[in-house]
Amino acid sequence: MPSLSEAFRGHPVHLEHKHPDFKSLETLPDSYAWSQSQFQPCSNKCSVPVIDMKHPKAPSLVGHACKTWGVFQVVNHDIPITLFADMQRVTLALFSLPLLQKLKAARSPHAVSGFGSPRISSFFPKLMWSDDIVVDYQAAMEKLAGKLMCLVLASLGISKGDIKWAGPRGEFDGACAALHLNSYPCCPDPDRALGLAAHTDSTLLTILHQNNVNGLEVLKEGEGWVAVPPLPGGLVVNVGDLLHILSNGLYPSVLHRARVNRTQHRLSVAYLYGPPTNVIISPHGKLVGPTRPALYRSVSWNEYLGTKAEHFNKALSSVRLNGLFDANEDQKNDDFHSFKWFS
Ligand SMILES: O=C(O)CCC(=O)C(=O)O
Ligand SMILES: [Fe+2]
């Protein structure tokens, strides 16, 4: 089985390395100024659900949040708050290194890890106001991801025994993961810049910790962009493309992005969680029937990463059965407001 690093190595993306010293920039260079259609005001009519992991109805609360939002925040998850503070310190220390030192660990187009532009950069016409590093995943997140998988599967009526790669003890020991450390420096013109452009994650689940600076936004059908403010000790959990496929389209893979800030340096740590890279993921048999045919073909994470590296936001529709996929559509379209992820 290829490791996650090997899977990424097999699917390179074109990355143009630009590493400005963000601190020294007093005005926004044109290459970082995004089109104004990106910046409609956020909806404040609703907010992403917050779920207590110990709530007796946690599985159904998780199920409802996955179905209606594709994202939720969790609290009461047993991860000590000091661990987040330690992680922030390490992240800040890494990003505070001199640029020349960080460049020694520059990300190659083939790699899952390294300093530099996000992998999604090659699909957008403008640059993103962020630094980015990927390192090994972290034990507490792995444990939490296993618990979240149990809740998510229970909400779909699937048991751990129904998932072969969950292993004999149902602890998802074979899961693959990576940790993304994201740094969004203060920006002189935050209304025209983006920290991370709109995308869905290729994962089953992503677990995100944000420092206490706003920036994350998710796209909610019928509402538009909704801000996800950081909660002390809270973690954002979002449905990724593979869970969307596994759920046969029931749980939307949420489109999300990160805004930047004039005065506050934002940091986030994303734990990208998925199955063993060569395990075949398909709409689960319990969610397929005469009235609801399988919407997606089977695909391994390894293969899907290749599809994503080629088609980016059209990757899901490219593995859709009876699909609406149009390979000729412009991949560099920077206006994602028409992005449709529901089946
Ligand atoms: O920084 C954030 O809030 C989002 C990060 C993210 O979406 C990612 O790393 O995939
Ligand atoms: Fe993401």
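Values for this structure:
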| quantity | calculated |
| --- | --- |
| Meets criteria (surrounded by 17 or more Cβ atoms within 10 Å (Cβ to Cβ), small (Gly, Ala, Ser), within 16 Å of ligand 2 (Cβ to nearest atom) and more than 29 Å from residue 89 (Cα to Cα)) for residue 315 | yes |
| Close pairs from region 46-71: first surrounded by 21 or more Cβ atoms within 10 Å (Cβ to Cβ), partner among the charged types (D, E, K, R), Cβ under 8 Å, at least 6 apart | 69/220 |
| Conditions (1) without any contact (Cβ under 8 Å) to a residue 60 or more places away in the chain; (2) in contact with a Leu (Cβ under 9 Å, 6 or more places away or on another chain); (3) of a type in the set (Ser, Thr, Tyr): number failed by residue 268 | (1) |
| Odd one out for residue 283 among (1) buried (at least 24 other Cβ atoms within 10 Å of the Cβ); (2) more than 16 Å from ligand 1 (Cβ to nearest atom) | (1) |
| Residues satisfying the stated conditions in region 253-266, i.e. within 15 Å of the chain's Cα centre (by Cα) and either among the aliphatic types (A, V, I, L, M) or more than 8 Å from ligand 1 (Cβ to nearest atom) (or both) | 253, 254, 255, 258, 259 |
| Whichever residue in region 268-285 is within 20 Å of residue 139 (Cβ to Cβ) and among the hydrophobic types (A, V, I, L, M, F, W, C) and, among such residues, is nearest to ligand 2 (Cβ to nearest atom) | 270 |
| Filter result for residue 272 (under 27 Å from residue 232 (Cβ atoms), within 16 Å of ligand 1 (Cβ to nearest atom) and touching an Asp or Glu at 6+ places or on another chain (Cβ under 7 Å)) | yes |
| In region 8-39, the residues that are modelled with pLDDT under 80, exposed (fewer than 12 other Cβ atoms within 10 Å of the Cβ) and part of a loop (DSSP other than H, G, I, E, B) | 14, 16, 21 |
| Set 67, 45, 57: member being among the charged types (D, E, K, R) and modelled with pLDDT under 95 | 45 |
| Hits in region 160-171 (condition: at pLDDT below 90 and not in a helix (DSSP H, G or I)) | 167, 168, 169, 170, 171 |
| Residues within region 206-217 that are within 15 Å of ligand 2 (Cβ to nearest atom), farther than 30 Å from residue 292 by Cβ and hydrophobic (A, V, I, L, M, F, W, C), tallied | 2 |
| Of all residues in region 184-214 being within 9 Å of ligand 1 (Cβ to nearest atom) and either part of a strand (DSSP E or B) or over 14 Å from the mean Cα position of the chain (by Cα) (or both), the one that is surrounded by the most Cβ atoms within 10 Å (Cβ to Cβ) | 184 |
| Selection within region 218-250 - away from ligand 2 (no atom under 16 Å from the Cβ) and part of a loop (DSSP other than H, G, I, E, B) | 221, 222, 223, 229, 231, 232, 233, 234, 247, 248, 249, 250 |
| Tally, over region 234-249, of residues that are out of contact with any Pro (no Cβ under 9 Å at 6 or more places or on another chain) and more than 22 Å from residue 1 (Cα to Cα) | 4 |
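The values are calculated or read from the model by the stated rules, or taken from the named source; none is laboratory data. Just so you know, these numbers come straight off a predicted model, no measurement behind them. Quick reminder, even Gly has a Cβ in these numbers, built from the backbone with ideal geometry, and neighbours come from all protein chains shown.
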